[in-house]
1. Among the candidates 244, 260, which residue alone is surrounded by 14 or more Cβ atoms within 10 Å (Cβ to Cβ), in contact (Cβ under 8 Å) with a residue 12 or more places away in the chain and either in contact with a strand residue (DSSP E or B) (Cβ under 8 Å, 6 or more places away or on another chain) or not in a helix (DSSP H, G or I) (or both)?
2. Residue 88 fails exactly one of the following numbered conditions: (1) under 25 Å from residue 46 (Cβ atoms); (2) modelled with pLDDT under 90. What is the number of that condition?
3. If you go through the stretch 266-280 one residue at a time, do you hit one that is within 17 Å of residue 174 (Cα to Cα), exposed (fewer than 14 other Cβ atoms within 10 Å of the Cβ) and in contact (Cβ under 8 Å) with a residue 24 or more places away in the chain?
4. Scan 131, 143, 171 and give me the residue that is crowded, with 16+ Cβ neighbours inside 10 Å, more than 28 Å from residue 9 (Cα to Cα) and touching a helix residue (DSSP H, G or I) at 6+ places or on another chain (Cβ under 9 Å).
5. Please report, ordered by residue number, the strands (runs of 3 or more DSSP E) entirely within the stretch 18-86 with at least 3 residues that are loosely packed, with under 13 Cβ neighbours inside 10 Å.
6. Any residue at all in the stretch 109-116 that is out of contact with any helix residue (DSSP H, G or I) (no Cβ under 9 Å at 6 or more places or on another chain) and part of a helix (DSSP H, G or I)?
């Protein structure tokens, strides 16, 4: 069974491979689309695209930041040597300055060490293919930890949405019961009013039935409650199916709110109006939670 995931999460892996310590951290927040940013040492800048592709394969949407650091356990990464020929050239030119122009001779190690190309810096050849393979192995493990956390949070979101959906169904049932009673009460009030006005005159029962039918049609919410129940069933089906359902749920919530607004506009009874407010409040909480779902 595919579970839903939260868009917020954190994952970290530290592992030493072939003499290098790799640290990979991932963290994410909500975002409408997938936005991946990778920060890594310049020496492995060639790996940026591969890391982004790995994230893309595991994440559908969210703002994901990836932080990578690499420490070498050996001292063979860099070899620094003195470029004697260049240094002799600098010193000869400096002595000439002293002799010909009479400037003060303040030549020191700190002075010449800052001159260009006095030192030769040599780095050993790096097997980029092997380095990339080592790095991506650690990235994969960090992604596993990251997705595990998102799945745990997703399970909590799943339970919360289903619970709120059940609450709405209970409230919808109350609206349906109250709506039917509203029509009955309206007919009783109408009949009492006519008897009061007409006193002993015979009351036209067909007129009362007609007026009650017109009122019942105006306040009927059957179609809306049926659609709202259907939308809640769809939500549960999506949650059961799992995967990246955030955008679909977003659209479904718009439809649910539309039905709730229509129901509210038809409810003339104060008690029913309050129940509709409770339905809307639950839908708003579902909408807020949906913003966290991938």
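1. So the residue among 244, 260 that is surrounded by 14 or more Cβ atoms within 10 Å (Cβ to Cβ), in contact (Cβ under 8 Å) with a residue 12 or more places away in the chain and either in contact with a strand residue (DSSP E or B) (Cβ under 8 Å, 6 or more places away or on another chain) or not in a helix (DSSP H, G or I) (or both) is 244.
2. Just one mismatch for residue 88, condition (1).
3. Yes.
4. 171
5. 79-82
6. yes
To keep it simple, each residue is scored yes or no on (1) part of a helix (DSSP H, G or I); (2) farther than 30 Å from residue 240 by Cβ; (3) in contact with a strand residue (DSSP E or B) (Cβ under 8 Å, 6 or more places away or on another chain).
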{"residue": "121", "(1), (2), (3)": "no, yes, yes"}
{"residue": "131", "(1), (2), (3)": "yes, yes, yes"}
{"residue": "136", "(1), (2), (3)": "yes, yes, no"}
{"residue": "140", "(1), (2), (3)": "yes, no, no"}
{"residue": "146", "(1), (2), (3)": "yes, no, yes"}
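The values are calculated or read from the model by the stated rules, or taken from the named source; none is laboratory data. Note that the structure is a prediction, hence the values are computed from the model and not measured. Note that each Cβ is placed from the backbone with ideal geometry, even for glycine, and that neighbours are counted across all protein chains shown.
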